[in-house]
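Visitor: Structure in structure tokens, see below.
Readers should treat all values here as calculations from the given coordinates under stated rules, not as data from a laboratory. All figures in this text were calculated on a predicted structure; none of them were measured in a lab. As a convention, Cβ positions derive from the backbone with ideal geometry for all residues, glycine included, and neighbour counts pool all protein chains shown.
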Amino acid sequence: MNSRERTLKAISHRQPDRPPVYVSLTPQMAEKLGNALSVPYEEPIDAMESARISHMGLLTRMGVDIVAIAPTVAPATPTKTLPDGRIKNEWGMLFRNVGIYTEFAGYPLADALSEKDILDYPFPDANATGRFDIAVQMMKEYGNKYGIIGDVETMFFEMSWYLTGLEKFLTDLMMEAEYQALLMDKIMHYIITAGTRLIEMGIDILWCGDDFGSQQGMIMDPETWRRVFKPRIKYMFTEFRKIRSDIKIAWHSCGSILPIIPDFIEAGLDILNPIQPLAHGMDPLFLKKTYGRDLSFFGGIDVQHLLPYGTPQMIGDEVKRRIEILGKDGGYIIAPAHNIQPDTPVENVLAFFEAALNP
């Protein structure tokens, strides 16, 4: 059974020989692992979801079963470093490099009030020349042997607040500000276009996502979510399945989102990610028992405490426990709950792979 066969079997709720493995790395962690394993360092790919699709040469050598591809920054609109050191991407978002990550340093729609502000804004073109060139190359290299995820994760909630600022967006959400529906719909149609391209390329899973949860619960009340976000999510899923009815759709939301899991199922979700272990109520036994007939699960290995601070033995034990619970009768992709961070010892990453590949 090769990696692609293993992936397809698992997401069809059939028992593979073992759950398929997916991993994503921060650039610093990739460099640490590459140095330890004598694998040349690969520069990150310039994309909104760079960590998800970068360092695949290293990761496939280590044993992952699934490779992610995504639209990348168009060559005509590259990410730029400004004279003051800030970084500006093709969406007009501004960042400042603070070491391990970049942090927001400016929001181009921070003063948006009306639909005119949105209509006047130069949004990127989802079909810009060259945007899918790297995805096409990766599909040719990995598509026959590996499971392929098409990643369009940050969507109309996160991308909206990336443009306006989080506090403004959430405040305006409660005030039902004029500009918000048009802003979200503009981004939604960009994502539909990008997702359609990836589905047409032959991906196995389309990975969508916006973070609606915090460590303790949802960051907005469920009724607001159902009024504003659920109809758009359901519309997107319907549009994607017009392209290919059998496409499996995953959704990433960090945090605790227990109240809206049934809504995602009703909207047509197939795979829930990342099953953040330390978030309130995201218990694997409960989730598998309650939703395992409707959903596959993707993630589940803690990156907040276990991977950086646990021992290799603890990691091996937890990987086997998650596989026993979430992998029963298929329906599980084992993965860290987010990108593996640079505070993680190399031996702990190797322990994860050892346990996941040899359950």
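Visitor: Under a GNM of the chain (C-alpha, springs under 10 Å), which listed residue has the highest mean-square fluctuation: Ala112, Ala68, Ala36?
Guide: Looking only at Ala112, Ala68, Ala36, the largest GNM fluctuation is found for Ala36.
Visitor: Report, in whole Å, the centroid distance computed from the Cα atoms of segment 22-65 and segment 271-318.
Guide: 22 Å
Visitor: Further, regarding this structure: Among Met138, Ala112, Gly92, which residue has its Cα furthest toward the positive end of the charge dipole of segment 73-142, with +1 on Lys/Arg Cβ and -1 on Asp/Glu Cβ?
Guide: Final value for the positive-end residue is Met138.
Visitor: Then there is this: Given the options Pro274, Pro122, Pro345, which has the most mean-square fluctuation in a GNM of the chain, springs set between C-alpha atoms less than 10 angstrom apart?
Guide: Pro122
Visitor: What residues qualify as long-range amide H neighbours of Lys248, i.e. H under 5 Å apart, gap of 5 or more or another chain, H built at 1.01 Å from N?
Guide: Sorted by chain and number, the residues that satisfy this are Leu206.
Visitor: Alpha carbons only, please: Rg and Dmax for the chain, in angstrom.
Guide: For the chain, the Cα radius of gyration and maximum Cα-Cα distance read 19.7, 58 Å.
Visitor: Another question, then. Students often get this wrong, so check it: of Lys186/Lys234; Lys145/Lys289; Lys32/Lys288, which have C-alpha atoms separated by over 25 Å? The partial results should precede the final answer.
Guide: Values: Lys186/Lys234 16 Å; Lys145/Lys289 32 Å; Lys32/Lys288 35 Å.
Exceeds cut-off: Lys145/Lys289; Lys32/Lys288.
Visitor: About the Cα centre of the chain, what is the dipole size in debye to 20, counting +1 per Lys and Arg Cβ and -1 per Asp and Glu Cβ, all else neutral?
Guide: Charge dipole, the chain, about its Cα centre: 1020 debye, nearest 20.
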